[in-house]
Structure formats: structure tokens, C-alpha cells
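Each reported figure results from applying straightforward, stated rules to the coordinates on display, with no laboratory input. Quantities reported herein were computed from a predicted structural model and do not represent experimental measurements. Note that each Cβ is placed from the backbone with ideal geometry, even for glycine, and that neighbours are counted across all protein chains shown.
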Amino acid sequence: MADHRAALQWIDEQLPALRAELLQLCAINSGSFNAAGVDAVGARMQALYAPLQAQAERLALPAYRSTADDGSERERPIGHALRLRKRPEAPLQVFFCGHLDTVYAADSPFQHATEQGADRLNGPGVADLKGGLLVMWAAISALERSPLRDRIGWEVLLNPDEEIGSRGSAPLLAEAARRHHLGLI
């Protein structure tokens, strides 16, 4: 049982760096229709995962189609999904899913995180889901330090369109779910 304590201590030691990264992530507007911002968050996440040596893929998705108030069809580009995979041949496969977008459009006044005391932040995506993406990274990084790591394969799929219904990424999510034993969403 001592093994998990070392992992938890390692996670605790990451908190200052994770807080700094969260402030940086929250400064990137990644409203669902800000494809460049969504892709910038994806690039930061890919860089964060790089030391774990997972296979990384940026996946293009179809434009978001909707009907305007005047009845005309409209297409809006969305950002790329990010898939990271490690040990797809391991006996246990775990699927982690999160999203890169927020509900805050590029012209929203809510653009930056502010500190609300020593242990609290308020900002776009702090809880949903930029902070959650960092928690996911910390948990997977701790797993990668575990002696059990070779028995566990994992896939992270970060979709760019969760806040608008995941229409473009739904097939990716379904496909990933089918090839895993359990999922943490």
C-alpha cells in the first residue's frame, strides 16, 4: 500500500506547476467556435504529455453545421481533437476523455483566471475543464511512475466540441469506448 502514497505525494509536489499551467491555459480563449484557441489548448496539452512518450494524433473534424435564424444553413469550423495512446497492447485498457473547448466566446468579457485566495482560482475553464485536464494529466503521469504501468494501456481523447454537443467528435468517442475496458470521462 505504500506505493500509492508515493504517487499521491508526487502529485502534491506538482501543484505549484499545475496552478501556473492552469493560469496559462485559462488565458487562451477556447470557445467552441474559436478553432485557433481550441487548437492552442490542444497544443499545450500535447506538449504536457510529450514526456510520457504516448503516440499523439491531431484529428480534424467536420465543420459544425447549424441553421441560422433566417433559415439558411451555416458551417463553422471547429478545432482538432487530440488523441494520445500508450501501450494499446496491454491487458487492461483505460479510456480518459475530456474537452478542449469552453462556453466562453472570443468576445466574452470572461477571459482570464483570477486568484481568489491562496487555494482558489476563478476563470474560464478553471473547473470545466482545463483544471480537469490537468488533474487527468497528473493522474496518468503518476500511473506512468507505477510498477503496474506495463499492464495498463491508456488513451486520452480530448474533443474540441463538447460544449456544442460533440456532434463532430461523437464517432471518435464511440470508437474509443469500444476498445477499452473502462472509461473515465
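Among Arg178, Arg76, a tally of other beta-carbon atoms within 10 Å of each Cβ gives an order, fewest to most, of Arg178, Arg76. Mind putting a number on the dipole of the chain about its Cα centre? Charges go on the C-beta only, +1 for Lys and Arg and -1 for Asp and Glu, and I need it in Debye to the nearest 20. Once rounded to the nearest 20, the dipole reads 620 debye.
Look at where the Cα atoms of region 143-185 and of region 4-42 average out, and the two centres are 18 Å apart. When only DSSP loop residues count, what GluC sites (Glu not before Pro) in region 47-147 have their Cβ near at most 16 other Cβ atoms within 10 Å? Hits after loop and neighbour filter: Glu89.
Length gained on full extension, Asp128 to Gln111, computed as 0.36 nm times the residue gap minus the Cα-Cα distance: 4.7 nm. Calculated over the chain, the projected area of the Cα convex hull averaged across directions stands at 11.7 nm². Using θ = phi - 60° in the Karplus curve 6.51 cos²θ - 1.76 cosθ + 1.60, the 3J(HN,Hα) couplings for region 83-100 round to 10, 10, 10, 9, 6, x, 9, 5, x, 10, 10, 10, 10, 10, 10, x, 9, 8 Hz; x is entered for Gly and Pro. Note the angle between two axes, namely the Cα long axis of helix 35-49 and the longest principal axis of the Cα atoms of the chain, as a number of degrees from 0 to 90, rounded to the nearest 10. With rounding to tens, the tilt is 10 degrees. For region 106-163, trypsin sites (Lys or Arg not before Pro) are listed when DSSP marks them as loop and at most 15 other Cβ atoms sit within 10 Å of their Cβ; the list is Arg120, Arg145. Rounded to the nearest 20 debye, the dipole size of region 115-185 about its Cα centre is 300 debye, using +1 on the Cβ of Lys and Arg and -1 on the Cβ of Asp and Glu. Calculated FRET efficiency, Ala6 to Arg178, Cβ-Cβ distance, R0 = 35 Å: about 0.55 to the nearest 0.05. Length, then width, then depth: along the principal axes, the Cα atoms of region 96-172 run 46, 39, 12 Å.
Basic side chains Lys and Arg get +1 at the Cβ, acidic Asp and Glu get -1 at the Cβ, and with that the dipole of region 1-89 about its Cα centre reaches some 240 debye.
Placing a label point 7 Å from the Cα of Gln53 along the Cα-to-Cβ direction, the residues of region 67-103 with a backbone N closer than 16 Å are 85-90. Ordering His181, His99 from the fewest to the most neighbouring beta carbons within 10 Å gives His181, His99.
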